[in-house]
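Here is the structure we will look at, set down as C-alpha cells.
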Amino acid sequence: MNAQQLKNSILQRAIEGRLVPQRPEEGSAKELLEKIQEEKNRLIAEKKIKKSKPLPPISDDEKPFDIPDSWEWVRFDEFGVYKKGPFGSALTKSMFVPKGIDTIKVYEQKNAIQKDATLGNYYISRKYFEEKMTGFEVKSGDIIVSCAGTIGETYILPDGCETGIINQALMRMKLMPSVYVPFFLLYFDSILKNTARKSSKGSALKNIPPFAELKSYLVPLPPLAEQQRIMEKIEELLPLIDQYDKAHTKLTAFNKRFPEMMKKSILQYAIEGKLVEQRKEEGTADELLQQIQAEKKQLIEEKKLKETKPLPPITEDEIPFDIPDTWKWIRLDDIVVKDIKRGKAPSYINKSNTLVFAQKCNTKEGSINLELAKCLDEAKLIKYPANEFMLNEDIIVNSTGTGTMGRVGLYRSTDNPKNLPIVPDSHVTIIRPSNSISHKYIYAVLKHNQAYLEKQGEGSTNQKELKPLTLQKLLIPLPPLNEQHRIVAKIEELLPFCERLIK
C-alpha cells in the first residue's frame, strides 16, 4: 500500500464513522441538520438567498455505505448555496479593463487550483459589475471551485482578498454558518470531487456535472463535535502519512535497484574468488596460463594468430582487489586466440546467406537478436579470413556509439537457429578466449567491467570509440579451469533469482 492508498483508506474510514468513536453526549446529526435548515429558511425569509427546488427523499438504495446511528445522510444542496460563473458571452476579454480604483477583480480557475487569491490581472469596471455581475460576486470566506479541466479544486478566499466575481470556469459555494467547513471540504475533496470527475461532462475538456445532479449528491453528516474530532485525528495522522510516503518511496527505489545490485554483487564475489571455495586438487591458474601460452605459440607458428607486441607487466598499483593464492592476474590479451580488434566495414545487400552482426544485435536487455542483423554482399567474402566468422560463445563488446559503447554480450550458436555464417561489423569487437578457459567465466568478468568499459571511449564527444588496446590491457583475475566452471554454474544458479525479483 502506497501513501496515497493509505491516505484514501483513512479518509474512507473518516467519512464512514470508523476513524473516531461515537459519543452519545455529542448529540446527533439530526439536531445539527435542523439547525442548518433553520439558518437556510431564515436567509430565504430575508431574501438573501433563493429557495431551491425540493429534492426527492433519500432512499436506502442510494446510500453507498452504512454510517453510525447518530449520523444522517444529507443531500449536497442542504449545506449551502451554489453558483456557477457567467455564460461566456456575458464576460469576455473585451470587457476587461486595467486595474484601478473603480474596478472589480475577475477570479480565475488558477486561483482555486493554486490556492492563491493574488493570481490574475483581469478586472471589470464597477459600472459593469453593478449592472450585470453582482450575482457572481465573491468575498472573503466564500469557497471557489474549479469547474473545467482540473475540476473540483477548492479554495477558501482569505481575509483581506479583493472583492471580485467568478469567471466561467469557477463555481462559488456559500455554506450555512453551522456547516463545519473543514469536514465538508474533506468529504468534497475525497468523495464528491471524484464522483464529479467520473460524471463530468465534455470529451476533451471535462466540466463539473449539471447543478441538478451535483446538488443531489449524498453527504454523510456526523454531529458537529464528532466532525471536529475527525479532523483533529486526520491532522494528527497526516504527518505520519508523509513520513510513511518518504519511507515507502525510499523502499520502492531500493527494491527497484536491488535485483541489479544483487547481480553486481554476485559477479563481484565471483571474480574475487568468494562465490565458491578453492580446491587444491584443481591446480593453479599458473599451470593453466602455461597451457594457454603453449597453445598461442602453436597458433602463431601455424600463422593462425599474429604475434602481438608485449604488453607492460602488471604492477601492484593496477591490482584492484586481492584474489586467492591459486589465482593469477593476467591481461585479457594473454588468453585470447584471436586478435582483439573490431570487425570490417561491410558491404550490404538485400538478401544473402551471410549475416553482419551490428551493435544493435547486442541488445540493451542482455540478449543477442540476429533479426536486427543485415546481409553481407557475399561478393566481398574473399576479404574475410576463416577466423573472422563468429563462433559459439564469442564475447562481443560494442566499441562505438553513444549509449551502446562498452556493452558486453555473449553470442551462442542457439542465437542463430539457421546456422548462417555471421561476421562482426566495424563497430563491435570480438573476444575469443582460448578453449582451455571457460568463455562464460571471461564473459562474467567483462560483464562486471561493463560500466568501466562504457567510460573508456577515446576521441571527440560524438565519435568516441573503445580502442582494442584498452581491451587487450584489461586485467582478468584467472582461477583454475575447474573453479571457473564451478563459478559459472553458481552464477547461472543465482542470476535467475535476480531476474525473478525484477518481474
Antiparallel bridge percentage (DSSP; both residues within the chain; nearest 5): 90 percent
Give me the distance between the Cα centres of segment 350-419 and segment 287-346, rounded to whole Å. 23 Å
For segment 347-502, the Cα gyration tensor yields equivalent-ellipsoid semi-axes (√(5λ), largest first, whole Å) of 26, 20, 16
Roll a 1.4 Å probe over the protein chains and send me the accessible area per residue for the chain in Å². 55 Å²
For segment 427-503, what % of the accessible area comes from carbon and sulfur atoms, probe 1.4 Å? 51 percent
Alpha-carbon centroids, segment 30-71 and segment 214-246: separation in whole Å: 21 Å
Roll a 1.4 angstrom probe over the protein heavy atoms and tell me the percent of accessible area of segment 6-45 that is carbon or sulfur. 48 percent
So which of LYS263/LYS467; LYS304/LYS374; LYS418/LYS464; LYS30/LYS51 end up more than 30 Å apart by C-alpha? LYS418/LYS464
How much of the accessible area of segment 196-349, probe 1.4 Å, is carbon plus sulfur, in whole percent? 54 percent
Only one of the listed values, (i) 79, 54, 40; (ii) 114, 58, 46; (iii) 157, 49, 47, was derived from the coordinates as Cα extents along the principal axes in Å; which label is it? (ii)
Mind jotting down a quarter of the surface of the convex hull over the alpha carbons of segment 84-130, in square nanometres, one decimal? 3.6 nm²
Ranked by accessible surface with a 1.4 Å probe, highest first, in what order do GLU316, GLU226 come? GLU316, GLU226
Per-residue ellipticity at 222 nm for the chain, helices alone: DSSP H runs ≥ 4 residues times -39500 (n - 2.57), over residue total, nearest 500 deg cm²/dmol? -10000 deg cm²/dmol
Just the Kirkwood number for segment 250-398, please: inverse of mean 1/r across all distinct Cα pairs, in Å, one decimal. 19.6 Å
Angle, helix 224-271 long axis vs. longest principal axis of the chain, Cα atoms, 0 to 90°, nearest 10? 10 degrees
Give LYS83/LYS139; LYS53/LYS139; LYS35/LYS174; LYS338/LYS490; LYS306/LYS380 a once-over and call out the pairs whose C-alpha atoms are over 18 Å from each other. LYS53/LYS139; LYS338/LYS490; LYS306/LYS380
Reported to the nearest 10 Å², ASP159 has, with a 1.4 Å probe, an accessible area equal to 150 Å²
Does segment 1-116 come out rounded, prolate or oblate, given a ≥ b ≥ c as the square roots of the eigenvalues of its C-alpha gyration tensor, rounded meaning a/c under 1.5 and, failing that, prolate meaning a/b above b/c? oblate
Probe 1.4 Å, all protein chains present, accessible-area order of TRP71, TRP329, largest first: TRP329, TRP71
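The values are calculated or read from the model by the stated rules, or taken from the named source; none is laboratory data. What you see is a predicted model; the values in this text were computed from it and never measured. Just so you know, the surface numbers come from the protein's heavy atoms only, side chains and all, with ligands and any DNA or RNA stripped out. Shrake-Rupley method; radii C 1.70, N 1.55, O 1.52, S 1.80 Å.
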